[in-house]
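Inspection log for the structure reproduced underneath, given as structure tokens.
The values are calculated or read from the model by the stated rules, or taken from the named source; none is laboratory data. In this text, all values refer to a predicted model and were calculated from it rather than measured experimentally. Counting neighbours? That spans all protein chains shown, and the Cβs are built from the backbone with ideal geometry, glycine included.
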Amino acid sequence: MISIDNIHTQETCLKNESIEKRVISNNDLTILVVEDHYFQRQMLMRIMHLLGIRKVLEAVDGKEAMKLMQDSARVDLVVCDLDMPEMDGLELIRHLGEINSTAGVIISSAKEPALLVSVEKMTCEYHVQLLGVIPKPVTFNQFKDLIAKFTPHKIRTQLIPDASIYFDLDQILQGLQQKQFEPFFQPQMEIATGRIVGAEALARWRHPERGLVSPHAFVPMLEQSGNIDKLTMLMLEKGARACRNWRECGLEMTVSVNLSLCTLTNTDLSEAITQIVSSVGLEPCHMVLEITETAAMTEVAPALENLTRLRMRGFGLAVDDYGTGFSSLRQLIRVPFTELKIDQGFVTGCEMDSASRTIVESNVDMAHRLNIKSVAEGVESQAEWDILKNANCDIAQGYFVAKPMEESLFLEFCQTIDSVR
């Protein structure tokens, strides 16, 4: 609990800040402080005024905050506690997401760091613009830095690929028949050397009218209707051909293609895959088949038969999205995997999340002990790269290396990387 004396002491310190440090652009902001503790709320409001913010609203809980937001012409930024009566901060954040609010959010709480990390991720999942999470007691400089990140009235864009596009099954199957689907390749870089050693083939639909369509618009329907094999075989064929071309150009690398668990129930799958890859002139040892771990392996026997036979023929096998699905450890000991792909949910932002960092480092260590490669997905920053390098992770994949790209651009990218090494 903070006392009146503490408020006056910190306020005196704040007043000693020079006028030049106030952010003049904050004059036009409207900020809503949501805090049930009177003294904490007064402290926050005084900090806002010292930052040059003229219009500051206050609420004791989320319920009052929502009413103020309905009555006010606009609220640019919400500063909220988590543990409050009537409507807590979690519910308030959910409602902000539901009304598609463009307000930025700063969470201020005395809760333990692990809990704050969960709240931060929840806020992002609700597509609420989160400026930051700061522990109590708050300081002038913390708020000054976070508010400086906010662009007033910035239109929020939710990344929901192709949410407004709908295709029925007949349209998708027709596109497959005409081979309108093609792989985009995301480079995989060996961390120790900086070499591009492989690429993951990610399906895209080059629609004649809609342009480039992401897999969210067609993969679920293909899986539900039992037609995912058609897409898998096309990606295998085009991915294998691309990899053969790269190797003919002197690039020693592999290509990874995703297999659905629905596909693995067909006991003829291993023969079909082998035939497709061999027919385009690629050795099986230069292809890695990724098996997602986010769904339960319901028909274990035929799946294990296929995977074991494919491994016997030289194909690499990767467990994808490791740690997000069912019976993770059991999968590792019953399938002859050659790679463990650490899910991007653990990798992205791991420099700020000690729990995620621990999971990443543990998975890398486990992969080494199992004598298989560790591949980190979703690497987006130098800090994440450094953590992976210090953990001796083998391969990194993500926007920090490069975005997925079409075959011709991928070849050019790899040759450029090779020339500067």
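Scanning region 282-303 for residues that are modelled with pLDDT of 85 or more and over 17 Å from residue 233 (Cβ atoms), which turns out nearest to the chain's Cα centre (by Cα)? Out of the qualifying residues, it is 286.
Any residue that is of a type outside the set (Lys, Arg) and part of a strand (DSSP E or B) - is there at least one of those in region 293-312?
No.
The set of residues in region 98-112 being more than 13 Å from residue 36 (Cα to Cα), surrounded by 18 or more Cβ atoms within 10 Å (Cβ to Cβ) and not β-branched (Val, Ile, Thr) consists of 101, 103, 104. Going through region 93-143 one residue at a time, which ones are of a type in the set (Lys, Arg) and in a loop (DSSP other than H, G, I, E, B)? Passing the criteria: 111, 136.
The single condition among (1) among the small types (Gly, Ala, Ser); (2) within 28 Å of residue 112 (Cβ to Cβ); (3) touching an Asp or Glu at 6+ places or on another chain (Cβ under 8 Å) that residue 354 does not meet is (3).
Take residue 259 and tell me if it is hydrophobic (A, V, I, L, M, F, W, C), without any contact (Cβ under 8 Å) to a residue 60 or more places away in the chain, touching a helix residue (DSSP H, G or I) at 6+ places or on another chain (Cβ under 9 Å) and surrounded by fewer than 20 Cβ atoms within 10 Å (Cβ to Cβ). No: the conditions fail for residue 259. For region 373-392, the criterion of a residue being more than 15 Å from residue 255 (Cα to Cα), surrounded by fewer than 20 Cβ atoms within 10 Å (Cβ to Cβ) and touching a Cys at 6+ places or on another chain (Cβ under 6 Å) is satisfied by no position.
Somewhere in region 338-354, is a residue more than 21 Å from residue 188 (Cα to Cα), in contact (Cβ under 8 Å) with a residue 60 or more places away in the chain and not in a loop (DSSP other than H, G, I, E, B)? Yes, some residue in region 338-354 is more than 21 Å from residue 188 (Cα to Cα), in contact (Cβ under 8 Å) with a residue 60 or more places away in the chain and not in a loop (DSSP other than H, G, I, E, B).
Inspect all residues belonging to region 407-418 and state whether any of them is of a type outside the set (D, E, K, R) and assigned to a loop (DSSP other than H, G, I, E, B). Checked against the condition, which is being of a type outside the set (D, E, K, R) and assigned to a loop (DSSP other than H, G, I, E, B), region 407-418 yields no hits at all.
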